[in-house]
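The block underneath contains the structure these notes are about, expressed in structure tokens.
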Amino acid sequence: MKVAIASDHGGIHIRQELKALMDEMGIQYEDFGCECDTSVDYPDYALPVAKKVAEGEFDRGILVCGTGIGMSIAANKVKGIRCALAHDTFSARATRQHNDTNVLALGERVIGPGLARDIAQIWLTTEFEGGRHENRVNKITEYENSNPTL
Ligand code: RB5
């Protein structure tokens, strides 16, 4: 699995924590910034990561900002992206099993590094269940594919 990871200035510490986690897990990743100690705009980091996942260059994406909300809104604008903002382990597991999410968003001003690690570890290792959930995910994909303006 190859993961693209990025954050804005509000998510730098959790981004570093999750890179250490992926090193421990033996997961390959590429860091797309930010290299910042000043304020940057989260779409400038969410959209490139989301596009790389949607185009198949990376299998998954992880995005961190202050709340995780801006990153998740931006990532979900990219066709083919199913981004989950998950701040608890139940949701992290369920969104892989049921939604086959390919991007995870986290908010560093909402949760601490320990919980972020647990969430990311579960999200990175949980398989999609398919079956009735696949039919539901397919309906989202069909909607995207039948709307040329998306
Ligand atoms: C930056 O101040 C903050 O707005 C950003 O990190 C994020 O929380 C946006 O959703």
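Restricting attention to region 103-112, does a residue exist that is in a helix (DSSP H, G or I) and surrounded by 13 or more Cβ atoms within 10 Å (Cβ to Cβ)? Spell out how you get there, then give the answer.
First, the residues of region 103-112 that are in a helix (DSSP H, G or I): none.
For region 103-112, residues in a helix (DSSP H, G or I) and surrounded by 13 or more Cβ atoms within 10 Å (Cβ to Cβ): absent.
The conditions are (1) away from the ligand (no atom under 16 Å from the Cβ); (2) more than 14 Å from the chain's Cα centre (by Cα); (3) under 21 Å from Asp8 (Cα atoms), and Tyr143 fails exactly one of them. Which is it?
(3)
Taking interchain pairs and intrachain pairs at least six residues apart, which have beta carbon atoms under 9 angstrom, with the first residue in region 121-150 and in a loop (DSSP other than H, G, I, E, B) and the second surrounded by 10 or more Cβ atoms within 10 Å (Cβ to Cβ) and among the acidic types (Asp, Glu)?
Cβ pairs passing all conditions: Phe128/Asp100; Phe128/Glu134; Glu129/Asp100; Gly130/Asp100; Leu150/Glu144.
Any idea how many residues of region 37-66 are in contact with a helix residue (DSSP H, G or I) (Cβ under 9 Å, 6 or more places away or on another chain), closer than 20 Å to Asn99 by Cβ and outside any strand (DSSP E or B)?
So the answer is 6.
When the residues of region 1-43 are filtered to those that are acidic (Asp, Glu) and either closer than 16 Å to Leu104 by Cα or under 15 Å from the mean Cα position of the chain (by Cα) (or both), which remaining residue is surrounded by the most Cβ atoms within 10 Å (Cβ to Cβ)?
Only one residue fits best here, namely Asp8.
Inside region 31-71, can you point out the residues that are away from the ligand (no atom under 15 Å from the Cβ), farther than 16 Å from Ala84 by Cβ and at pLDDT 95 or above?
Selection gives Asp31, Phe32, Pro48, Lys51, Lys52, Glu55, Gly56, Glu57, Phe58.
The values are calculated or read from the model by the stated rules, or taken from the named source; none is laboratory data. Model, not experiment: these values are computed from the prediction. Cβ: placed from backbone, ideal geometry, glycine included. Neighbour counts: every protein chain shown.
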